[in-house]
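The structure appears below as structure tokens.
Read the figures in this text as sums done on the coordinates, not as results from a lab. The model shown is predicted, which means the values in this text are computed figures rather than measured ones. Glycine also receives a Cβ, built like all others from the backbone with ideal geometry; neighbour counts cover every protein chain displayed.
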Amino acid sequence: LLSTAFTMTMALGASTAIAACDDGEVVIKFSHVTNTDKHPKGIAATLLANRVNDEMNGKACMEVFPNSTLYNDNKVLEAMLQGDVHLAAPSLSKFEKFTKQFRIFDLPFMFEDIEAVDAFQASDSGQALLDSMQRRGLQGLTFWHNGMKQMSANVPLMSPADAEGLKFRVMSSDVLVAQMEAIGGTPQKMAFSEVYGALQQGVVDGQENVWSNIYGKKFFEVQDGITETNHGVIDYLVVTSVDWLDSLDADVRDQFLTILGEVTALRNSESFAVNQANRQAIIDAGAEVRTLTTDERQAWVDAMKPVWDQFSDDVGQDMIDAAQAINE
Ligand code: LMR
């Protein structure tokens, strides 16, 4: 499998950090789904691999498989529990089979911006989420930021009524299904690697995503335009298996976690800027970016926010209150 993925990655010409691992080194395979350049997760993954391979040479070796070349997000957590891959950073929307607590991050208009997400994650309630799936064999290590989601479709979307009757791709999250139903859309859960083709062929009419994914996977080419709603977040959990982490020698584990912490602090502080650069690249490519007045945006809030009521029991009112207190 490793050599197949290697060949595929090379054939695709992706700039992938594939290290030649020496005998005796702990091999850390990191599988993710996005592009590598100009992407908050792609840049962070490459930096992490470069630092591990430099500073832990002889002890550990990291290989990064981007662009869903090894696993898509629907498969990677199962593969991790089997020991076939050691690190992943799926969006928080993709943990539905393991925990309902992450649903807070999918509730529309819960967080004003990525700084609010950061502050919530840094709180005791946020940090507790890292350990929330230990019983299921998964250990969260840290959160990596991307940014706020925007809406797009094959028709202009200025008001929620424009979404009526359209089919939307969503990540594998029931909250996102409910959110699209709340605006009269028909949601369809779909792997990230399939979205471009589905939009191009009209299998779905629209989608929601961050600027770096809309640009990185060229969704803007097969959409009428992008509406700047900032209605939700895409953020990531850097995750491994409890068993694998426990199997490491203490010095290897500590050095790896220290490097991860430093890479996280550095790259999280840049995620907003990276997304703004992607937004500009979309405009420069000639695509339409539609901004909303305060009143126009409020119509999206009014249409989507009732979804909170459906999920407040899963998430916990205390968590919702804690998140809201940060916005104020
Ligand atoms: C998506 O599926 O749209 C995103 O989770 C992809 C990603 O990892 O940013």
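What the table below lists for this structure:
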item: The chain: C-alpha gyration tensor shape, a/c 1.5 cut-off, then a/b vs b/c; result: prolate
item: Gyration tensor (alpha-carbon) shape descriptor, the stretch 266-328, a/c threshold 1.5; result: oblate
item: Mean Cβ count within 10 Å, highest first, over the residues of peptides 185-198, 245-258; result: 185-198, 245-258
item: Euclidean distance between Cα centres, the stretch 268-328 to the stretch 204-230, Å; result: 14
item: Dipole in debye (nearest 20) - the stretch 222-327, about Cα centre, beta carbon charges: Lys, Arg +1; Asp, Glu -1; result: 420
item: All Cα pairs of the stretch 205-328, percent lying beyond 19 Å; result: 67
item: Contour excess over end-to-end distance, with Cα ends at Arg136 and Ala265 and 0.36 nm allotted per residue; result: 43.7 nm
item: Farthest positive-ward along the chain dipole, Cα basis, beta-carbon charges - from Ser31, Thr69, Pro306; result: Thr69
item: Unit charges on C-beta of K, R, D, E only; dipole of the chain, Debye; result: 760
item: Shape of the stretch 128-264, Cα gyration tensor, a/c cut at 1.5; result: prolate
item: Stretch gain in nm, segment Asp54-Val242, where the contour uses 0.36 nm per residue and the Cα spacing is subtracted; result: 65.2 nm
item: Under-5 Å amide H pairs with Gly225, H placed in peptide plane, nonlocal only; result: Ala153
